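Engineer: Let me begin by handing over the structure; questions about it come next.
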Amino acid sequence: RRVHGDCCTRKDAFCVCLCSIMKVSPQTLIAQLLLIVSNIIFGGNAVISKYALATVSPWVFVWLRTGLSLPWLYVLRRVCEPEVDQRKLPHKQLFLLSLFGVAGAQTTVIIGLSFGSATNGSLIASLSASFTALFAVALRVERFSLRMGTGILVSFVGTAIMLNITNLSFSDNNMIGNLFFLLNVTVYALYLVRQKKIISQVPTISLCFWTMFYGWLTVSTYTSYFIVQTDFIEIGWRGWGAILYAALLASGGAYLMMAFAARSLSPILMSLYMPIQPLTVMILASIFLHEHLTWHQYVGAVFMIVGLVVVATRKPAPLLTTQGGAYTLVELKSVDPDMSTLPHTIQDADISEDSEDSLSEPEQEAVAPAA
């Protein structure tokens, strides 16, 4: 109760019980629920987008998906964040973020779907946790550990089995699609890590709007040739329905949910919810697209899930070292995976004997010297 007092003092009995059982704050619980919903939406998007790709170029689909989400995000920004001075936002960083999260991620996944299957794409998306862990280490967001390396290696072995690399052939459309899916996981992992660095500086809706806007401008530069050759009337109602789903629910909704979740959760923890996508896709694809897995896809999926679990359940690396009785902070924020309660720098934390009682239990464990 002392650690999670903000939750246990609420009058809502359901919230109190659920938060107490899961040992998370209400803010973290809401963030996790948003991640579940957003991954279900993305999973449905992978299946529904196949209908649109039957009548429209994937390049045009990406342009429409990003562009049609802008009016909705603009209205939300004006209504919910009217006091934000848009001129003072870090637009250069927002533009760089859009290259990974919008132009890069959305283009690669749609191109991959145009060549490969929705099921393969969703399974490969489960590698996001391993890629995010790699980039988090490279960008000094998290420390490397043997368990992390083992989980990443097992995940990559599963990918190799699932892709059946012994019969690698670039003439196979599925193989080309799988390579684009791998590229998508790479740029999306970079997006998650970079987003965590900037999200404290920009309100959530403004962040989504400007990254989507800059991403749409970038997409427009390399899709204009296909746009002028497209007869939009021939897309049909099914195609337009899939495009509106991708624009309003996936780009305008799920991206927004993930941005809200990123304020309370770490990039690696966010990527651990990615397996919800293949579960959603496998159910929908088997019903609507008649896609079925082969034996090596099942074996590869098992390896990928095992690697994901290993990465997810690893113990944090040592955070504090002592030199002559003085503590040196190495990476305090890894104690709390959601990074929602702990300070980020040694200046923000008063690690002294007088203030030790005011720290939460995870913080006290981080400060206490080894026996």
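Engineer: Rounded to the nearest 0.05, what FRET efficiency do Glu81 and Val299 have when you use their Cβ-Cβ distance and R0 = 41 Å?
Structural biologist: Step by step, r from the Cβ atoms, then E = 0.30.
Engineer: Can you give the accessible area of Val302 in Å² (nearest 10), computed on protein heavy atoms with a 1.4 Å probe?
Structural biologist: Looks like 90 Å² after rounding.
Engineer: Let me ask something additional. Mind giving me the nanometre distance, one decimal, between the label points for Phe226 and Lys197, set 7 Å out from Cα along Cα→Cβ?
Structural biologist: The modelled label-to-label distance comes out at 3.0 nm.
The values are calculated or read from the model by the stated rules, or taken from the named source; none is laboratory data. Just so we're clear, the structure is a prediction, and the values are computed from it rather than from any experiment. In this analysis, Cβ positions are derived from the backbone assuming ideal geometry, glycine residues included, and neighbour counts consider all displayed protein chains. These accessible areas exclude ligands, DNA and RNA; they are computed on the full protein's heavy atoms, side chains included. Shrake-Rupley method; radii C 1.70, N 1.55, O 1.52, S 1.80 Å.
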